[in-house]
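> Below is the structure I would like to discuss, written out as C-alpha cells.
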Amino acid sequence: MELTIRYFASVREQVGLTSEVIHVDSEELAIDSLRARLASRDERMAQALQAGRPIRIAVNHEMVGSGFVVRENSEVAFFPPVTGG
C-alpha cells in the first residue's frame with residue numbers, strides 16, 4: 001500500500017523531511033507498527049519517533065490512537081503535542 005507521511009514542527013526538524021511517500025507490503029498496518037517501522041530506518045527517525053516520546057498522530061486529518069489501522073492511500077501526520085500559552 002502507498003502512504004503519504006507528513007512531519008510537523010520539531011518532528012520535521014529532527015527527521016529532516018516535510019513529507020514522503022512510502023510503500024508498505026501490507027493491506028493494512030496499525031499506527032504503532034508504522035511508527036516503529038519508520039523509527040527503525042535510521043538514527044534521526046529513531047530519535048524523532050521513539051516509542052516513549054509523546055507524539056500526536058493524525059490520519060486523513062483526524063486524530064487517532066496507536067491502535068488505529070491505516071489503509072491504502074492514507075495520509076499520516078506526526079507532530080509534537082501542542083501547548084498553549
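> For residues that are within 18 Å of Phe79 (Cβ to Cβ) and among the acidic types (Asp, Glu), tally how many sit in the range 17-46.
The number of residues fulfilling the criteria is 2.
> Now for a separate question. Answer with yes or no whether Val11 is in a helix (DSSP H, G or I) and in contact with a strand residue (DSSP E or B) (Cβ under 6 Å, 6 or more places away or on another chain).
So Val11 passes the test.
> Where residues in the range 38-85 are in contact (Cβ under 8 Å) with a residue 60 or more places away in the chain and not in a loop (DSSP other than H, G, I, E, B), which of them is farthest from His23 (Cα to Cα)?
The qualifying residue farthest from His23 (Cα to Cα) is Phe79.
> I'm trying to understand the selection: among the residues of the range 14-30, which are part of a strand (DSSP E or B) and surrounded by 14 or more Cβ atoms within 10 Å (Cβ to Cβ)?
Ile22, Leu29, Ala30
Just so you know, all these numbers are worked out from the coordinates, no wet-lab data involved. This one's a predicted model, so the numbers in the text were calculated from it and none came from an experiment. All Cβ positions, even for glycine, are placed from backbone atoms using ideal geometry, and neighbour counts span all protein chains on display.
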